[in-house]
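Here the structure is laid out as structure tokens; the discussion comes afterwards.
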Amino acid sequence: MKKYDVVALGELLIDFTQNGTSAQGNPLFEANPGGAPCNVLAMLKKLGNRTGFIGKVGKDGFGRQLKDVLLETGIGTEGLCMDDTVHTTLAIVQNKKDGDRDFSFYRKPGADMMLTVDELNQELLKNCRIFHFGSLSMTDEGVRNATKRAIEMAKEAGAWISFDPNLRPPLWESLDVAREQICYGLKQCQILKISDDEITWFTGKNDYGEAVAMLQEEYHIPLILVSLGKEGSLAYCGKVFAFVKPFLQAGTIETTGAGDTFMGCILHQVLQKGYENLSEADLTEMLTFANAAASIVTTRRGALRVMPSREEIEKLKGRRR
């Protein structure tokens, strides 16, 4: 019996998201706890799963805030390190006119980049059913080495590997380096979540079916999820395929964390159903649940502290029946 259902490694940071304007007309930003891997864990925890995090924050006010939030949400902090010299990573998230987001990072360096192989909590890696990671922990050599060693240890212990590229071009030396490291991630995982923009960029194909077939042929990934934003989502398990429309809501505020919420819900169901030999009905059920949860989180600011409950998700799903 593994102690944790899912352990994730990566960035834990502060997302400064715009929340109104001042009397002088200046934008006001709210310091929301964030970072894709921990957002995923927060959704999993909300659904009753046992989760743990491996990463690094600064030993500063923001770092203490983030540790407190993990404790508050019930995410295991045994693998959280605090850096004495490098500050917690910050991200400024601004909404563009087309509804997309623009990210500006304060990370040269940021504490999340400073995690080393020696700081990895081996007990967490040996005691999880699923190990989840993204590409931001592979942008720089030190944390890249730590990530790759963590994957090795998790695989040696029999964990399933889950990967979300979560491409942020400004954080990479070049897109060629990003492609190389994302390629590495694709070779390791059994469960892949990738966005429409990312799969088109990586494969050069605009047809998602063709793009997924290319990934299946080259990397032999059993379960591939493609998030399409306001267009819904796709799932592919071998030759079995499903598409589910989104749950669009008039009260949408921002989309930060929606993909992570989606991924948390997918992993929750993978823990129950596995990732192989899934039927179209299985995939449809998984996508419907994940789409509903992602839709709910778009009506809230931030993500990590405001994940929807199972009851909220089922209630929204029920409106479509």
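The values are calculated or read from the model by the stated rules, or taken from the named source; none is laboratory data. Bear in mind that the values here come from a model prediction, so they are computed numbers and not experimental data. Every residue, glycine as well, gets a Cβ built from its backbone with ideal geometry; the counts of neighbours run over all protein chains shown.
Of all the criteria given as (1) in a strand (DSSP E or B); (2) among the charged types (D, E, K, R); (3) closer than 26 Å to R144 by Cβ, the one not satisfied by E11 is (1).
Residues that are closer than 29 Å to R300 by Cβ, crowded, with 18+ Cβ neighbours inside 10 Å and aliphatic (A, V, I, L, M): does the stretch 178-189 have at least one? No, the stretch 178-189 contains no residue that is closer than 29 Å to R300 by Cβ, crowded, with 18+ Cβ neighbours inside 10 Å and aliphatic (A, V, I, L, M).
If only residues of the stretch 34-60 that are part of a strand (DSSP E or B) and surrounded by 24 or more Cβ atoms within 10 Å (Cβ to Cβ) are counted, the one that is modelled with the lowest pLDDT is G34.
Across the stretch 18-33, what is the total count of residues that are out of contact with any helix residue (DSSP H, G or I) (no Cβ under 9 Å at 6 or more places or on another chain) and surrounded by 12 or more Cβ atoms within 10 Å (Cβ to Cβ)? Looking only at that region, the number is 6. Every condition in (1) touching a residue at least 60 places away in the same chain (Cβ under 8 Å); (2) assigned to a helix (DSSP H, G or I); (3) of a type outside the set (S, T, N, Q) holds for D118 except the one numbered (1).
Return the only residue of L278, L283 being among the aliphatic types (A, V, I, L, M), part of a loop (DSSP other than H, G, I, E, B) and over 21 Å from Q94 (Cα atoms).
Only one candidate qualifies: L278.
Applying the condition of being in contact with a Ser or Thr (Cβ under 7 Å, 6 or more places away or on another chain) and β-branched (V, I, T) to the stretch 213-268 and asking which residue is nearest to E312 (Cα to Cα) yields T252.
Checking every residue in the stretch 131-142 against the condition of being polar (S, T, N, Q), crowded, with 24+ Cβ neighbours inside 10 Å and not in a loop (DSSP other than H, G, I, E, B) gives at least one match.
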